[in-house]
Amino acid sequence: MGAASIAFVGVAATAPIVTLATVVPAALAAGAGPLVPWSFAVAGLVLLLVCAGQAAMIRRFPSAGAAYTQVAHGLGRPGGVVAAWLAIAGYQAIQFGLYALAGLAAAPLLSGFLGLTAPWWAVAAACWVIVALCGTMRIEVTAALIGFVAVAQAAVLAGVGAAGVLQPAGGRVTADTIRVAGPALLDRPALGLLLAVAALAFAGLESSAGYAEEGFQPRRSAGFGGYWAVLLLTLLLGGFAWSMIVAAGPDRVATAAARGPELLFDLAAERLSPWAVTLSRVMLLAGVLAAILALHTAIARYLYALGRERVLPGVLGRTRRRTAAPRAASVTQSLIAGAALAGAHAAGAGPGPRTARWLITGGSLGILALLLLVSVAALLRLNRVPGPEGSWSRFLAPVLSTVSLGALAVLAFRDLPALLALPPGYPLVKVIPAALGAGVLLGVGHALLLRRFRPVIYAGIGLAGTPVVITPPLLHTEPAPPAAGPASAAAGPASATPGSTSAAAEPGKIPRQRDPGAHRPERVDRNQTGIAPAGVEGSEVG
């Protein structure tokens with residue numbers, strides 16, 4: 001994959017046409033007006049700061065684990081496992097929310113062309129079959145399909161937006177469509193809520209880092225792809241939101257936006273032929289499907305990275321020889337999604353826009369917390385172990401992104417009832433923060449269990465499945481027994497204990513967690529061992 005392919009997959013994962021059809025009209029109906037495109041511009045700037053630190057981490061640690069690997073190197077192995085669970089849970093929630101929207105997106109097309117009214121579960125099942133089949137293909141094929149839909153989305157949105165600008169309400173484009181009147185009188189809580197909404201619209205861009213190992217240039221393609229994805233998405237969201245204001249008129253846009261998701265199609269119908277409106281509806285459904293597929297591949301790569309390092313069952317770390325795709329991880333993810341959809345149908349659930357909003361918002365908050373962890377990890381790692389990076393990508397950008405994301409996270413959780421469109425005392429308002437806290441505790445507990453019972457596997461967290469565990473020789477007065485020597489290979493990832501012959505590190509026995517160097521091989525002094533194992537250079541362990 002090249003940087004362009006990775007960028008388009010990242011854009012598709014955010015489902016921009018879904019944001020423009022559902023989120024933007026709600027913000028305009030609330031009276032935000034010109035603040036909406038400006039909020040997307042601010043959120044895009046924050047994401048560019050995140051990309052600077054993330055690209056530097058990708059250059060050092062190109063891995064399918066993305067945030068899992070980066071956080072493990074910056075905040076420690078428990079932090080890496082926490083990041084993996086946050087990413088998997090967050091993307092799962094967003095994916096289920098998009099499944100709930102698939103039936104709504106397909107309803108006008110099915111009734112208009114076939115005169116049918118299909119239940120939500122039938123449309124979701126059809127989407128699931130397509131995603132399950134495409135998930136096991138070569139990444140070039142899957143990326144080409146996702147990229148084609150992403151380009152088609154961008155083209156359709158650009159066409160509809162251009163029509164709105166060329167035929168503005170009132171016959172001309174005024175400064176009121178972009179100028180914020182009375183900045184000193186702005187409602188600060190409402191402004192903070194709008195910024196939080198804009199930031200959540202970018203959830204999914206982080207997944208572009210998971211294709212680093214599959215890029216033409218593993219240490220560069222994913223980083224450049226992340227930059228291009230942020231720029232393209234900022235232009236799409238900000239530019240189209242502004243075109244809506246121009247087309248409806250700054251004085252009448254709030255009233256027109258009361259139509260909700262139909263605002264996009266109403267503005268297109270006033271200026272374009274009927275086939276263009278139908279094409280926009282087709283792109284909405286295709287955008288939902290492409291986003292589900294992009295999130296599926298992102299989750300599969302996280303499962304693959306965890307399986308490759310035996311943090312999860314090793315079968316997840318296998319790839320298909322012919323396609324080099326993580327087939328086991330993809331099939332596992334398909335089974336999880338299929339079981340969840342079947343369970344929802346068996347329970348008699350009828351998910352609609354409100355359910356989709358709750359799931360997507362909850363998942364996006366998890367991804368926002370994940371991006372904050374990535375920024376902190378980049379700041380700590382890049383400065384603790386200096387490299388070729390300049391002061392901008394090593395220090396300034398991570399600091400600014402950490403502060404900005406922290407502020408956005410505070411705003412989002414403070415205004416969570418408004419984000420969910422629920423009263424403050426509603427149980428779901430407390431469930432989402434509790435679920436995120438449970439994910440953090442689950443990750444920490446998972447890591448501590450590995451540290452206690454599987455120390456060699458714990459040592460390999462973030463090392464792409466190739467840990468080298470070294471124990472320095474312990475001082476002792478008794479001579480070593482004749483059979484003593486290097487420790488034999490243990491089950492799981494490779495381990496080596498050169499020169500360790502005391503009772504605390506018997507031959508053939510995995511060193512206990514408290515033995516020197518058992519779980520932090522990068523801290524072992526090479527002068528103590530006198531042996532430099534292959535792949536170990538300086539403080540890095542290969």
Problem set entry | Checking Gly363 against (1) of a type in the set (Gly, Ala, Ser); (2) part of a loop (DSSP other than H, G, I, E, B); (3) open to solvent by less than 40 Å² (accessible area, probe 1.4 Å), the condition it does not meet | (2)
Seminar exercise, completed: Across segment 375-424, the tally of residues that are hydroxyl-bearing (Ser, Thr, Tyr) and out of contact with any Ser or Thr (no Cβ under 9 Å at 6 or more places or on another chain) stands at 2
Problem set entry | Output for segment 347-375, where each listed residue is of a type outside the set (S, T, N, Q), farther than 10 Å from Gly97 by Cβ and either touching a strand residue (DSSP E or B) at 6+ places or on another chain (Cβ under 8 Å) or modelled with pLDDT of 90 or more (or both) | Leu365, Gly366, Ile367, Leu368, Ala369, Leu370, Leu371, Leu372, Leu373, Val374
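Name the residue that is nearest to Leu49 (Cα to Cα), counting only residues in segment 386-401 that are touching a helix residue (DSSP H, G or I) at 6+ places or on another chain (Cβ under 7 Å) and open to solvent by 30 Å² or more (accessible area, probe 1.4 Å). Don't jump to the end; show me each part of the working.
Our first condition is that a residue be touching a helix residue (DSSP H, G or I) at 6+ places or on another chain (Cβ under 7 Å); within segment 386-401, this holds for 387, 389, 392-395, 397-401.
Next cut, open to solvent by 30 Å² or more (accessible area, probe 1.4 Å) only: 387, 392, 394-395, 399-400.
Details: Gly387: 19, Trp392: 10, Arg394: 11, Phe395: 11, Val399: 9, Leu400: 7 Å.
My answer is Leu400.
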Problem set entry | Pairs where the first residue, in segment 96-116, is closer than 16 Å to Ala342 by Cα and the second is among the hydroxyl-bearing types (Ser, Thr, Tyr) and in a helix (DSSP H, G or I), C-beta under 7 Å, 6+ apart | Ala100/Thr355
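Can you tell me which residue among Leu379, Leu371 is in contact with an Asp or Glu (Cβ under 7 Å, 6 or more places away or on another chain) and either in a helix (DSSP H, G or I) or open to solvent by less than 10 Å² (accessible area, probe 1.4 Å) (or both)? So that I can check it myself, show each step before the final result.
On the way: Leu379 fails: in contact with an Asp or Glu (Cβ under 7 Å, 6 or more places away or on another chain).
Answer to the selection: Leu371.
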For this session: Scan Ala41, Ala56 and give me the residue that is at pLDDT 90 or above, part of a helix (DSSP H, G or I), over 20 Å from Ala196 (Cβ atoms) and not polar (S, T, N, Q).
Result: Ala56
For this session: Output the qualifying pairs, or none if there are none: Cβ atoms under 9 angstrom, residues six or more apart or on different chains, first residue in segment 435-464 and free of Cβ contacts under 8 Å to residues at least 60 places away in the same chain, second residue among the basic types (Lys, Arg) and open to solvent by 30 Å² or more (accessible area, probe 1.4 Å).
Result: Val456/Arg310
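Give segment 337-360 a look and list any residue that's outside any helix (DSSP H, G or I) and surrounded by fewer than 22 Cβ atoms within 10 Å (Cβ to Cβ), or say none. Working first, answer last.
Of all residues in segment 337-360, those outside any helix (DSSP H, G or I) come to 347-352.
The answer is Ala347, Gly348, Ala349, Gly350, Gly352.
Kindly state which helices (runs of 4 or more DSSP H) lie completely within segment 61-176 and contain at least 3 residues that are in contact with a Ser or Thr (Cβ under 8 Å, 6 or more places away or on another chain) and surrounded by fewer than 22 Cβ atoms within 10 Å (Cβ to Cβ).
Working: elements: 67-75, 77-113, 120-134, 139-166.
In segment 61-176, 77-113, 120-134, 139-166 are the helices (runs of 4 or more DSSP H) which contain 3 or more residues that are in contact with a Ser or Thr (Cβ under 8 Å, 6 or more places away or on another chain) and surrounded by fewer than 22 Cβ atoms within 10 Å (Cβ to Cβ).
The values are calculated or read from the model by the stated rules, or taken from the named source; none is laboratory data. It should be emphasised that the depicted structure is a prediction, and the values quoted were computed from it without experimental measurement. Please note: Cβ atoms are built from the backbone with ideal geometry, for glycine as well, and neighbour counts cover all protein chains shown. These accessible areas exclude ligands, DNA and RNA; they are computed on the full protein's heavy atoms, side chains included. Shrake-Rupley method; radii C 1.70, N 1.55, O 1.52, S 1.80 Å.
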